[in-house]
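Undergrad: Mind looking over this structure? Questions follow.
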Amino acid sequence: MRIFLVRHGESLGNISESAYRQFGDHNVPLTVWGYRQALAAGRSIASYLAALPGTIPPATIWHSPYLRTRQTKDAIIEAFPGDTIGDVHEDYLLREQDFGLFTEIYDRAEQRRKFPEEFEKWARLRSNSGKFYARPPDGESRADVAQRVRLFLLTVMHDIGSGNETAIIVGHGVTNRAFEMNFLHQSVEWFERSDNPGNADVTLIEGSHAHGYRSTLLHKADDRDPAAATEMRGAYGSELTISPTTGD
């Protein structure tokens, strides 16, 4: 059994935080570079599967409902040959972490300025209870995300138990890390020590119940030249982004 965890490719929000206000977090599109990253991730997965001995059943894809993950899923499917992709499912349990009042506000100084009391309370919770357990005001903690991802894991295990031995999960940094934590029975300390995967990085979880499972970084995506990214901040146009309707 093998599970490929893929974070969405570079989105416009990774270039400019103002994109979250313009589109809404759920509807931020990939950049053209991000789509290319996702294509490369798909080719990497397809090459890995093609090199395995024997006949591999078509892979099942699960993805977050957010636009950037749907577009990443589209690119992965485009990169696969023939009929090697089976069922494709969207699952809201894979959505991005909900930051409540701080949704679409990623700058800490702006969070403090707009919601001073709530920000100070959240800062105290992070200090006293730890980042994993502290909920942003009206939002989700990382522990909350891990709980809903555990529910999603039950769905995946049922699907794999039905004979689908290969799953591709397209999600977000925190949700993918929470999946890996739950599947491999890692600790909260492990979660806090680990970093989110990069855009379009692919983590492979492989093994069996009898011999155990392990995770490896199968594919590290190429990052955009930092200088080029700086030049493009705030520049929205067809040459920069994939159309927001892509993937619907």
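Undergrad: Using only Cα atoms, find the angle between the long axis of helix 32-50 and the longest principal axis of the chain, and express it within 0 to 90 degrees, rounded to the nearest 10.
TA: On a 0 to 90 degree scale, this one is about 30.
Undergrad: Based only on other Cβ atoms within 10 Å, what is the fewest-to-most ordering of E192, E180? Write down the numbers at each step before the final one.
TA: Values: E192 11, E180 21.
Lowest to highest Cβ neighbour count: E192, E180.
Undergrad: Modelling each spin label as a point 7 Å along the Cα-to-Cβ direction, I'd like the E90/E192 distance in nm, to one decimal.
TA: Reported label-point gap for E90 and E192 is 3.6 nm.
Undergrad: Something else about it: Once the convex hull of the C-alpha atoms of the range 139-205 is built, how many Å³ does it hold per residue, rounded to a whole number? Kindly include the intermediate steps, with their values, before the conclusion.
TA: Working: hull volume 6.0 nm³, N = 67.
Taking the convex hull of the Cα positions in the range 139-205, it is 90 Å³ per residue.
Undergrad: Okay, next question. Taking only Cα atoms, what is the 0 to 90° angle, nearest 10, from helix 67-79's long axis to the longest principal axis of the chain?
TA: The answer is roughly 20 degrees.
Undergrad: Further, regarding this structure: Taking neighbour Cβ counts within 10 Å as the exposure measure, how do L151, L94 sort from fewest upward? List each step's numbers first, then the result.
TA: Working: L151 11, L94 25.
With the sparsest Cβ surroundings first, the list reads L151, L94.
Undergrad: With a 10 Å Cβ neighbour count serving as the proxy for reagent exposure, in which order, fewest first, do R7, R124, R142, R177 appear? All intermediate terms of the calculation are to be shown ahead of the outcome.
TA: Values: R7 28, R124 11, R142 22, R177 25.
By the 10 Å Cβ count, ascending, the order reads R124, R142, R177, R7.
Undergrad: Something else now. Run the simple label-point estimate for I160 and R113 please: 7 Å along Cα→C-beta, distance reported in nm.
TA: In this crude spin-label approximation the distance works out to 4.7 nm.
Undergrad: A follow-up question, please. Rounded to the nearest 500, what is the 222 nm mean residue ellipticity of the chain from helices alone, with -39500 (n - 2.57) per DSSP H run of 4+ residues and division by all residues?
TA: Result for the chain: -13000 deg cm²/dmol, rounded to the nearest 500.
Undergrad: Just to be sure I understand the model, the point goes 7 Å from the Cα along the line to the Cβ. What's the resulting D83 to Y106 distance in nm?
TA: Label-label distance for D83 and Y106, simple model: 4.1 nm.
Undergrad: Let me ask you something else. How big is the range 1-49 along each principal axis, measuring the range of its Cα positions in Å and listing the largest first?
TA: Over the range 1-49, Cα extents along the principal axes are 39, 21, 12 Å.
Undergrad: Projected onto the charge dipole of the range 103-154 (+1 at Lys/Arg Cβ, -1 at Asp/Glu Cβ, origin at the Cα centre), which of S129, Q111, S141 gives the Cα projection farthest towards the positive end?
TA: S129
Undergrad: Can you tell me which lysines have their Cα less than 19 Å from the Cα of K131? Leave out same-chain residues fewer than eight positions away.
TA: The reachable lysines, counting only those whose Cα sits under 19 Å from K131, are K121.
Undergrad: With the Cα gyration tensor of the range 15-139 giving a ≥ b ≥ c as the square roots of its eigenvalues, does the rule (a/c under 1.5 for rounded; else a/b larger than b/c for prolate; else oblate) give rounded, prolate or oblate? Walk me through the intermediate numbers first.
TA: Details: a/c = 3.14, a/b = 2.24, b/c = 1.40.
Because a/c hits 1.5 or more and a/b exceeds b/c, the range 15-139 counts as prolate.
Undergrad: Using only the alpha-carbon atoms, how far is helix 142-161 inclined from the longest principal axis of the chain? Give it as 0 to 90 degrees, nearest 10.
TA: 10
Undergrad: Taking 0.36 nm per intervening residue step and subtracting the Cα-Cα distance, what contour gain separates D138 from H211 on full extension?
TA: Working: separation 73, 0.36 × 73 = 26.28 nm, distance 4.20 nm.
Extra length from D138 to H211 when fully extended: 22.1 nm.
Undergrad: Would you mind telling me the antiparallel percentage of the DSSP bridges in the chain, rounded to 5?
TA: Working: 14 of 28 bridges.
Around 50 percent of the beta bridges assigned by DSSP in the chain are antiparallel ones.
Just so you know, all these numbers are worked out from the coordinates, no wet-lab data involved. Everything numeric in this text was worked out from a predicted model, so none of it was measured. Here Cβ is always computed from backbone atoms with ideal geometry, including for glycine, and neighbour counts include all displayed protein chains.
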